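The next block holds one structure in the form of structure tokens; read it before the comments.
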Amino acid sequence: MNERSQQIPQLIDDSLEWLAERVGDPGPDLYRALFEAAPELPDLFVLDTDGSVRGEMLYRAFETLRDLAADKNFAADALGLEVRNHLGYGVPIARFALFFDLIADACLRAAGSDWTAAHAWAWQTLRARVDAVVAEAVAVHGG
């Protein structure tokens, strides 16, 4: 990892911390945005009457992003497994990746004037990593 890439974990952590500090629970807003962008997805959560599945999914997404930003190998493996799981649920692969875009957008909004070109670059780099892992999982498992 080069010197600039070593900054990615801290930049991602900064933006996720701003999201938590300034928004509180971003779950309702993120899922509202997801369901607006993908109106076919709410039906997949019909049994999640208390929101615990959505909460767990969001928690795992944050942890995966943080670990992937730090180049931890198990993050890519876990993400690949989630791709396979979501394909099994009938989630189109483009919808799976959309969730990560929405998280990045929420971080940008929460950061406000604290957002820098370095944060944008870190998220762009991280999203490219997510896309690469997703593409590899789709190639292996279909989708």
Per residue Cα convex hull volume in Å³ - calculated over the chain: 101
Relative contact order (%) - segment 29-110, alpha-carbon pairs under 8 angstrom, separation at least six: 35
Spin-label pair Asp77/Val53, simplified geometry with 7 Å Cα→Cβ offset, distance in nm: 2.7
The chain, relative contact order [Cα under 8 Å, separation at least 6], %: 38
Trypsin sites (Lys or Arg not before Pro) within segment 1-71, DSSP loop, no more than 11 other Cβ atoms inside 10 Å: Arg4
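How much of the accessible area of the chain, probe 1.4 Å, is carbon plus sulfur, in whole percent? Let's see the in-between values first.
On the way: 4150 of 7840 Å².
Answer for the chain: carbon and sulfur cover 53 percent of the accessible area.
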Under Karplus coefficients 6.51, -1.76 and 1.60, residue-wise ³J(HN,Hα) of segment 43-50 in Hz, glycine/proline x: 4, 6, 10, 4, 8, 8, 5, 9
Expected-Rg normalisation [2.2 N^0.38 Å, Cα atoms] applied to segment 60-143: 1.11
Å² per residue, accessible surface of the chain at 1.4 Å: 55
Ellipsoid equivalent to segment 1-44 - semi-axes via the Cα gyration tensor, in Å: 30, 15, 6
Residue-by-residue Karplus 3J(HN,Hα) for segment 37-42, coefficients 6.51, -1.76, 1.60, Hz, glycine and proline x: 6, 9, x, 7, 7, x
Globularity index of segment 98-143, i.e. its alpha-carbon radius of gyration over 2.2 N^0.38 Å: 1.39
GluC sites (Glu not before Pro) within segment 1-77: DSSP coil, no more than 10 neighbouring Cβ in 10 Å: Glu3
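The values are calculated or read from the model by the stated rules, or taken from the named source; none is laboratory data. Keep in mind that this is a model prediction, so the values were computed, not measured. Counting neighbours? That spans all protein chains shown, and the Cβs are built from the backbone with ideal geometry, glycine included. These accessible areas exclude ligands, DNA and RNA; they are computed on the full protein's heavy atoms, side chains included. Shrake-Rupley method; radii C 1.70, N 1.55, O 1.52, S 1.80 Å.
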